[in-house]
Amino acid sequence: MTNKTNILIVYTGGTIGMVKDYKTNALKAFDFIQIVEKIPELKQLDCSIDSISFEELIDSSNMNTEYYVQIAELIEVNYEKYDGFVVLTGSDTMSYISSAISFMFENLQKPIIFTGSQLPIGDLRTDAKENLITTIEIAAAKINGRPAVSEVCLYFEYKLYRANRTTKVNAEQFEAFTSLNYPPLAESGVHLNFNEHLIHHQKNPKEKLIIRKKLDTNIVVLKLFPGITETVVAHILSIKNLKGVILETYGAGNAPTKKWFLDLVADTIQKGIHIVNVTQCAGGSVVMGHYETSLALKEIGVINGKDITTESAIAKLMYLLAENLEASTFKMFFESSLRGEIS
Ligand code: ASP
C-alpha cells in the first residue's frame, strides 16, 4: 500500500474487456490484465491502482445474486485497505447489479462506482478508456478531506449517477444510461464537477459498515399490457413459493379496475405476498389514488413504489424479503428511502 489514494478495480466481465472470437465473430470475455496494458494513461493518475478479477469472467446477462455476493465479498475483504472501489461489469444488467449492491452495503463511507463500456477497450473508437479513467478519478477524488462520493454509483459517458436511480436505455449509443428521477451526481467536461448538494454522505461516520448478503429471489415482475388475460395474471400470482411481486403499472401507477384483476391482487396480498406498484414509465412517480384506476390498489394494500426504478425495486424487494419483516413494517420500509432510491 502506498500513501497515495488506493483504488481497487473489481473486474467481473462485460464488453469492456471482451475480444472477438475469430471463429464465431462473437464478443467474449477476456483477461483484465490485458485491459490495463491497453491504457498506459492509467499510470498518469495520481493514485495507486490494483485489480482483482472474477475467476470466470461473465457477460452481465449471466449475472445472478450469487455473483452479487461475490462482488460484495471482494469489496468487504479489501474495504479497509482501499479508499475507493471501481466495479467493471457489462452494461446490460449494470443497473440491476449496482442497485443490489447499494442495498447490500449499509453505512457505506467509501465510493463503489460501477462502469463498463459499449465497445471493447481494444477497439479504436472505444468509450471504455474515458469511462474507466474518469471513474477511477472520481473514486479517488476528495473534497475537504473526505471522499467526494461515498455512495454506490454508476459512471457512463460523462455522467455519474446514483446507481439505484439508473436504467439502461440505449444499446447503440455511448450514452447508454439515464436517471430521469434524480440528477447526475457529477458531470465530466473540461472540469469534473460534483453536484455536492445531491450527494449523500453517511451522517454518523462512527456507524459500522454492514453488508447484507441474504437476498430472496422468490419474486416476479408482472408487466401489465392492454389485453393481459385473467389466466396469465392468475398463473403468475400463483407461482409456488412466490413472496414478492413488482406490478409494473401504467403512468402514475394505474391498472385495470376489472373485478377479476382486483380480486386476484387482493387474494395474493391476503396470502402474505407483497405487491409493489412501480410505473412502466422511465420517469415520474406512482401516485396511488390520483386516478380511480389506482385507488383500488391503494385500498387493497398494494405497496407504493413511488418513483423507484424497476431495477431498484427488484433489488429492494430481494433485500427486504430476506429480512423476514412483518407486513406493515415491510410496507413502511419499502415506501421509505433507504439508499436514496426514492424521492
Ligand atoms: N453484453 C454485455 C454485457 O452486459 C454488454 C456490455 O458490456 O455493455 O456484459
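The values are calculated or read from the model by the stated rules, or taken from the named source; none is laboratory data. All values reported here derive from a predicted model rather than from experimental measurement. Reconstructed Cβ throughout: ideal geometry from the backbone, glycine too, with neighbour counts over all protein chains shown.
Only one residue in Ile113, Ile136, Ile75, Ile97 is crowded, with 22+ Cβ neighbours inside 10 Å and more than 18 Å from the chain's Cα centre (by Cα), so which one is that?
Numbers: Ile113 fails: more than 18 Å from the chain's Cα centre (by Cα); Ile75 fails: more than 18 Å from the chain's Cα centre (by Cα); Ile97 fails: more than 18 Å from the chain's Cα centre (by Cα).
Just one listed residue meets the conditions, Ile136.
Can you find even one residue in the range 225-248 that is in contact (Cβ under 8 Å) with a residue 40 or more places away in the chain and in contact with a Phe, Trp or Tyr (Cβ under 7 Å, 6 or more places away or on another chain)?
no
Would you pick out the residues in the range 259-280 that are under 18 Å from Ile219 (Cα atoms), surrounded by fewer than 16 Cβ atoms within 10 Å (Cβ to Cβ) and in contact with an Asp or Glu (Cβ under 9 Å, 6 or more places away or on another chain)? Steps first, answer last, please.
We begin by selecting, within the range 259-280, every residue under 18 Å from Ile219 (Cα atoms); these are 264-280.
Applying the additional criterion that residues be surrounded by fewer than 16 Cβ atoms within 10 Å (Cβ to Cβ) yields 267, 270-272, 280.
Hit for the range 259-280 is Gln280, nothing else.
Please state which of the following conditions Ser285 fails to meet, knowing it meets all the rest: (1) more than 17 Å from Lys223 (Cα to Cα); (2) touching a Lys or Arg at 6+ places or on another chain (Cβ under 8 Å).
For Ser285, the failing item is (1).
If we keep just the residues of the range 169-188 that are of a type in the set (Asp, Glu) and not in a strand (DSSP E or B), which is nearest to Ala128 (Cα to Cα)?
Within the range 169-188, the match that is nearest to Ala128 (Cα to Cα) is Glu175.
Given Ser294, Ser328, which one is small (Gly, Ala, Ser), modelled with pLDDT under 95 and over 25 Å from Asp92 (Cβ atoms)? First the steps, then the outcome.
Details: Ser328 fails: modelled with pLDDT under 95.
Residue meeting the stated conditions: Ser294.
Can you tell which of Asn107, Asn170, Asn144 is in contact (Cβ under 8 Å) with a residue 24 or more places away in the chain and either over 22 Å from Ser51 (Cβ atoms) or surrounded by 19 or more Cβ atoms within 10 Å (Cβ to Cβ) (or both)?
One residue alone meets the criteria, Asn107.
Say whether the condition of being among the β-branched types (Val, Ile, Thr), in a strand (DSSP E or B) and within 16 Å of the ligand (Cβ to nearest atom) is met by at least one residue in the range 98-112.
Filtering the range 98-112 for residues among the β-branched types (Val, Ile, Thr) gives 101, 112.
Imposing the further condition that a residue be in a strand (DSSP E or B) reduces the set to 112.
Still in the list and also within 16 Å of the ligand (Cβ to nearest atom): none.
No.
Test Lys43 against the criterion of being surrounded by fewer than 21 Cβ atoms within 10 Å (Cβ to Cβ) and either of a type in the set (Ser, Thr, Tyr) or away from the ligand (no atom under 15 Å from the Cβ) (or both), and give yes or no.
The answer is yes for Lys43.
Grab the helices (runs of 4 or more DSSP H) fully contained in the range 281-343, keeping just those with 2 or more residues being hydroxyl-bearing (Ser, Thr, Tyr) and surrounded by fewer than 17 Cβ atoms within 10 Å (Cβ to Cβ).
Counting at least 2 such residues, we get 327-334.
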